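Coordinate-derived values only; no laboratory data. Only a predicted model underlies this, so the values are computations on that prediction, with no experimental measurement involved. Neighbour counts run over all protein chains shown; Cβ positions are idealised from the backbone, glycine included.
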Amino acid sequence: MKLHELRDNDGATKRKKRIGRGPGSGMGKMGGRGIKGQKSRSGVAIKGYEGGQMPLYQRLPKRGFTKPNRKSYAVVNLGLIQKFVEAGKIDAAQPITEDVLVASGLVRRKRDGIRVLAKGEVSAKLDLQVSGASKSAVAAVEQAGGNLTVTTAQAAE
């Protein structure tokens, strides 16, 4: 096979439909919009419109509530912390604070705090100080001989 013999598979590309380019194109005159009516005009967007009938999104009941001042935590798994300790990016001998996790590159930004979850194995003796942690994460760190302290008002859930 040579460079000039390369080509797409059959049906891989499709030619653009040229609308409003004369009767020979098959899409001339009205350009596939039909005759008159709202949809034949330009600048019309009637996505949820049902001809005057109450639209579906208004007929259905509204449920739930979105808390406007909810907290958004950056989530870290214990397995990732262990991997960064083994790689030498985090010093396990020092207390591991949220700033240390951000500086190591494990977390991009703190948001309202960092929450530790128990996914993965942890073998190093860690001293973690974070905004939140699951009960299983606290248990896993203490089982490995470490200590996990939740610094803010949010207790371990």
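What are the semi-axes of the equivalent ellipsoid for region 78-118, taken as the square roots of 5 times the Cα gyration tensor eigenvalues, largest first, in whole Å?
After scaling each eigenvalue by five and taking roots: 16, 11, 9 Å.
Please list, short to long, the whole-number percent of alpha-carbon pairs of region 74-150 in consecutive 10 angstrom bins beginning at zero.
22, 63, 15
Compare the peptides 126-132, 99-105, 72-78 by average per-residue count of other Cβ atoms within 10 angstrom and give them in order, highest first.
126-132, 72-78, 99-105
In whole Hz, with x marking every Gly and Pro, tabulate ³J(HN,Hα) for region 68-83 from phi via Karplus 6.51 cos²θ - 1.76 cosθ + 1.60, θ = phi - 60°.
With coefficients 6.51, -1.76 and 1.60, one gets x, 10, 5, 8, 10, 9, 7, 9, 10, 8, 4, x, 5, 4, 4, 5 Hz.
Length gain on complete extension for the stretch residue 99 to residue 42, per 0.36 nm per residue less the alpha carbon to alpha carbon distance?
Separation in residues times 0.36 nm, less the Cα-Cα distance, equals 15.1 nm.
How do 65, 84 line up, fewest other C-beta atoms within 10 Å first?
Values: 65 6, 84 20.
The order, fewest Cβ neighbours first, is 65, 84.
For region 1-60, just say rounded, prolate or oblate: build the C-alpha gyration tensor, square-root its eigenvalues into a ≥ b ≥ c, call rounded for a/c under 1.5, and beyond that prolate if a/b exceeds b/c, oblate if not.
Here region 1-60 falls in the oblate category.
Which shape class, rounded, prolate or oblate, goes with region 23-157 when its Cα gyration tensor gives a ≥ b ≥ c as root eigenvalues, a/c under 1.5 marks rounded, and past that a/b bigger than b/c marks prolate?
Taking the square roots of the gyration eigenvalues as a ≥ b ≥ c, region 23-157 is prolate.
Which lysines does residue 36 reach when only Cα atoms under 23 Å apart count, and residues fewer than 8 places away in its own chain are ignored?
17, 47
Which distance in Å, rounded to a whole number, links the C-alpha centroids of region 37-65 and region 78-157?
Cα centroid to Cα centroid, the span is 49 Å.
Antiparallel as a % of all DSSP beta bridges within the chain, to the nearest 5?
Around 10 percent antiparallel, to the nearest 5.
Please give the calculated 222 nm ellipticity per residue for the chain, where each DSSP H segment of at least 4 residues contributes -39500 (n - 2.57) and the sum is spread over every residue; nearest 500 deg cm²/dmol? The partial results should precede the final answer.
Values: 4 runs with 29 residues, N = 157.
Computed mean residue ellipticity for the chain: -4500 deg cm²/dmol.
Go through region 132-137 residue by residue and turn each phi into a ³J(HN,Hα) via Karplus (6.51, -1.76, 1.60, θ = phi - 60°); whole Hz please, and just put x for glycine and proline.
Along region 132-137, the couplings run x, 7, 7, 4, 5, 5 Hz.
Output the pairs from 110/135; 67/110; 89/125; 67/119; 89/110; 14/39 with a Cα-Cα distance over 23 Å in this structure; if there are none, say none.
Too far apart for the 23 Å limit: 67/119; 14/39.
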